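S.K.: Sharing a structure, written as structure tokens. Questions coming.
Read the figures in this text as sums done on the coordinates, not as results from a lab. As the structure is a prediction and not an experimental result, all values here were calculated from the model. Cβ sites come from the backbone with ideal geometry, for glycine too, and all protein chains shown count toward neighbours.
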Amino acid sequence: IIIGLLFCGLSSGISAQNPVIQTHFTPDPAPMVYKNKLYAYTGDDQPGFDFYTMTKWRVYSTEDMVNWTDHGSPISLESFSWARDRAWAAQCVEHDGKFYWYICAQTVDNNMAIGVAVSDSPTGPFKDALGRPLVTTGTWDNIDPTVFIDDDGQAYLYWGNSKLFYVKLNKNMTTYDGEIIEIPQSVEAFGGLRRPGKSEDVLQKQEKFEDVYVEGPWLYKRKNQYYMMYAGMTNRTECLSYATSYSPTGPWKYQGKIMTDQPTNSFTNHGGIVDYKGKSYLFYHTALLPNGGSYGRSTAIEEFEYKADGSIPKITMTKE
Ligand code: FUB
């Protein structure tokens, strides 16, 4: 199915619209470039829910950032025998000609866990690689996996809500042997600190609020710097912030907000950054599709240019 959609914010001069996909809700977009195509792996919000009651994941592709092909929903909760609910944020990466789609979902034990499905094609069919979760530590922190493969071939899996963890993946991309490392939270690393004893709800209501790591990490490398984008916190809604490091395991240095307290109307924000055909793009989500909302979120894209020192400019969301 070809969905011909245009979006604004492009230097090509094409006048068009965000959200880029208008046929389904497509939260938590994760871009991946493979060969000549750009793929967007997304979640699937369903209208009418009052929570993130999600059951499947979707994939789209484009070659021109204008026309998108809908590849349907190659994986769902049913693809993972251990998953019972909450098909939340995911990311697919290619390694040695295979495609690894890292997902998180609620387990039959009522925790959140990270799993991985594998395929020979970026659009599937995908199969649960393990028949069990890849990371399950019996907590609710195990959400929002991001995977990055460094130049030396070492793959890193980061994830976490309110806490940020990583493991080094084995060469098979589906297991790990080392310890799970928790990244220390500090003002220097992520712009702020959670105050012990205060719930997120209380934090959001504070008038003056510094940034803080919340969820949705996105790890990548550009030149010799590693970038960790994440959903941070502002007064009204999640923002997108980032930290950098000269090592994939930190220490991380807070660099500020990329997308600040703008009216995404979705409370959460979650995205990815990718270079494609010589341009840089921020993928994120908003509630701006008709009938959208906090549980009806859609992929939006902005083109941007890095500053000369490698920093990411403040990016303003665009819509029609
Ligand atoms: O889409 C469900 C959850 O909302 C994601 O896992 C979080 O990052 C937030 O976007």
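S.K.: What number, in nm² with one decimal, is the all-direction average of the projected area of the convex hull of the alpha-carbon atoms of the chain?
M.R.: About 15.4 nm², averaged over all directions.
S.K.: Compute the relative contact order of the chain as a whole-number percentage, counting only Cα pairs closer than 8 Å that sit 6 or more residues apart in sequence.
M.R.: 16
S.K.: Another question about this same structure. Work the Kirkwood hydrodynamic radius out for region 91-140: mean of 1/r over every pair of different alpha-carbon atoms, inverted, in Å.
M.R.: About 11.3 Å for region 91-140.
S.K.: Pairs 171/279; 56/279; 221/307; 277/314; 98/168; 163/221: which exceed 25 Å Cα-Cα?
M.R.: 171/279; 56/279
S.K.: First obtain the Kirkwood hydrodynamic radius of region 50-117 from its Cα pairs, then insert it into the Stokes-Einstein equation at 4 °C and 1.567 mPa s, and state the resulting D in µm² per second as a whole number.
M.R.: This corresponds to a translational diffusion coefficient of 99 µm²/s.
S.K.: When Lys and Arg each count +1 and Asp and Glu each count -1, what net charge do the other residues less than 11 Å away from residue 270, Cβ to Cβ, add up to?
M.R.: Here the charged neighbours net out to -3.
S.K.: Something else about it: Using only the Cα atoms of region 43-169, build the gyration tensor, take square roots of its eigenvalues as a ≥ b ≥ c, and label the shape rounded, prolate or oblate: rounded if a/c is under 1.5, else prolate if a/b is larger than b/c, else oblate.
M.R.: Oblate, since a/c reaches 1.5 and b/c is not below a/b.
S.K.: First select every other residue whose beta carbon is under 11 angstrom from the beta carbon of residue 72; then total the charges, Lys and Arg +1, Asp and Glu -1.
M.R.: The answer is 0.
S.K.: Then there is this: Compute a Gaussian network model of the chain, connecting alpha carbons closer than 10 Å, and tell me which residue from 137, 146, 260 fluctuates the most.
M.R.: 137
S.K.: What is the sum of charges around residue 254, taking Lys and Arg as +1, Asp and Glu as -1, for the other residues whose C-beta is under 12 Å from the C-beta of residue 254?
M.R.: So the surrounding residues net to -1.
S.K.: What are the ³J(HN,Hα) couplings of region 27-34, residue after residue, when phi is run through the Karplus curve with 6.51, -1.76, 1.60 and θ = phi - 60°? Round to Hz, x for glycine and proline.
M.R.: x, 6, x, 10, x, 8, 9, 9
S.K.: For the chain, what is the mean residue ellipticity at 222 nm derived from helices alone (per DSSP H run of n ≥ 4: -39500 (n - 2.57); sum divided by total residues; nearest 500 deg cm²/dmol)?
M.R.: Rounded to the nearest 500, it is -500 deg cm²/dmol.
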